[in-house]
Amino acid sequence: RVVLLSAELIDLFGVQCILNIINDITERKRLENEFISLVSHELRTPLTSLMGSLDLLGTGQLGTLSAKGQQVLNIATTNTERLIRLINDILDLERMKSGKIPMQPVKCNVADLIDQAVAAMQAMAERAQITLLTEVVAAELIADPDRILQTLTNLLSNAIKFSEPGGTVWLRVRRSHEVQIEVQDCGRGIPANKLQTIFERFQQVDVSDSRKKGGTGLGLAICRKIVEQHHGKIWVESVLGQGSTFHVILPSSEYGCE
Ligand code: ADP
């Protein structure tokens, strides 16, 4: 059918015309990729600097803020974090399209990674009135620490976002011959027919999630890619209305990542 179609197309347009169309598409794709990458980089630099200024305001070194001032600062911080995350996700997505996310594997202490992930998410958890608890056993991995941290913070950020104020999110590490990590929340849960699809790009349980909760449906697709490049597995178990547990299994030290 493809051969027939090609022959029909060649008859209709001629070889040169078809080659020109293919060249045009390739060139447009290249320009599109270049544009996305340029815009993302150009946006990331000023946003990172903005985040630094907001952090400084939050420390109180420039004077104490009123309660209203603190509230405004929290909103500005949340939205700046959201934009930085979105830009980083778009950049990762570009890299994923062209194959693999670049990894720099080193020997990592899993407990240190867990501490860093919790420290990174503590402010968001406090703003959402969520308690973060950990249960960790000693383990080591050959992995890219920044990418594992990215996976953990993304899972924690989702767990916080989809929990009610007053809730608890657990981050657990177990060990057998592999390192098993769990992020468990007692939030709204995920319907059975979405348990697989949410790991695909731009997939969300509800179309309103993007507007109401912030996010783009890219995070879990990136997590999956990172975990797979570490020769691991990621999946979720959930009961609607009761909560979700995201599982990550990473082979221990000797395997590493690609
Ligand atoms: P984002 O959170 O940016 O929308 P993700 O890829 O991280 O993108 O998640 C995709 C979707 O999966 C979310 O929009 C949400 O609908 C659903 N989801 C992810 N984590 C949870 C969770 N812990 N509880 C309920 N739903 C979740």
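The values are calculated or read from the model by the stated rules, or taken from the named source; none is laboratory data. Bear in mind that the values here come from a model prediction, so they are computed numbers and not experimental data. Virtual Cβ from ideal backbone geometry, glycine too; neighbours counted across all protein chains shown. Heavy atoms of the whole protein, side chains included, go into the accessibility calculation; ligands, DNA and RNA do not. Shrake-Rupley method; radii C 1.70, N 1.55, O 1.52, S 1.80 Å.
Expressed as an acute angle from 0 to 90° and rounded to the nearest 10, what is the orientation of the C-alpha long axis of helix 2-13 relative to the principal long axis of the chain? Between the helix axis and the principal axis of the chain, the angle is about 60 degrees. If you plug the beta carbon distance of GLN71 and LYS29 into 1/(1 + (r/R0)^6) with R0 = 51 Å, you get a FRET efficiency near 0.70. Under a model in which nothing but the beta-carbon of Lys, Arg (+1) and Asp, Glu (-1) is charged, the chain shows a dipole of about 460 debye around its Cα centre.
Sites listed here are chymotrypsin sites (Phe, Trp or Tyr not before Pro) in the range 160-258 whose DSSP assignment is loop and whose Cβ has at most 12 other Cβ atoms within 10 Å: PHE202. Backbone phi angles across the range 138-144, fed through the Karplus curve with coefficients 6.51, -1.76 and 1.60 (θ = phi - 60°), yield HN-Hα couplings of 5, 7, 10, 9, 9, 7, 8 Hz in residue order; Gly and Pro are listed as x.
Basic side chains Lys and Arg get +1 at the Cβ, acidic Asp and Glu get -1 at the Cβ, and with that the dipole of the range 108-210 about its Cα centre reaches some 220 debye. Surface exposure of the chain, expressed per residue as accessible area with a 1.4 Å probe, stands at 58 Å². Using θ = phi - 60° in the Karplus curve 6.51 cos²θ - 1.76 cosθ + 1.60, the 3J(HN,Hα) couplings for the range 48-63 round to 5, 5, 4, 4, x, 5, 5, 4, 4, 4, x, 6, x, 5, 9, x Hz; x is entered for Gly and Pro.
A cut-off under 10 angstrom between Cβ atoms defines the neighbours of LEU155, and their net charge, with Lys, Arg +1 and Asp, Glu -1, is -2. The H on the amide N of GLY167, modeled in the peptide plane, is under 5 Å from the matching H of THR131, each at least 5 residues off or on a different chain. Full extension of the chain between ALA123 and VAL207 yields a length gain of 27.6 nm, computed as 0.36 nm times the residue separation minus the alpha carbon distance. Compactness of the range 199-252 was expressed as the Cα radius of gyration divided by 2.2 N^0.38 Å, which yields 1.26.
The number of Lys pairs in the chain with C-alpha atoms less than 24 Å apart, excluding pairs fewer than 8 positions apart on the same chain, is 24. Between 0 and 90 degrees, the angle of helix 145-161 with respect to the longest Cα principal axis of the chain falls at about 70 degrees.
Label-to-label distance for LEU9 and ARG175 is 5.6 nm, based on points extended 7 Å past Cα in the beta-carbon direction. The range 162-222 and the range 32-66 have Cα centres separated by 26 Å. The angle between the Cα long axis of helix 219-229 and the main principal axis of the chain comes to about 80°, on a 0 to 90 degree scale. As a ratio to 2.2 N^0.38 Å, the alpha-carbon radius of gyration for the chain is 1.21. Stretched out straight at 0.36 nm per residue, the stretch from ILE21 to ASP146 would grow longer than its current Cα-Cα span by 40.9 nm.
Length gained on full extension, SER37 to HIS247: 72.4 nm, using 0.36 nm per residue less the C-alpha separation.
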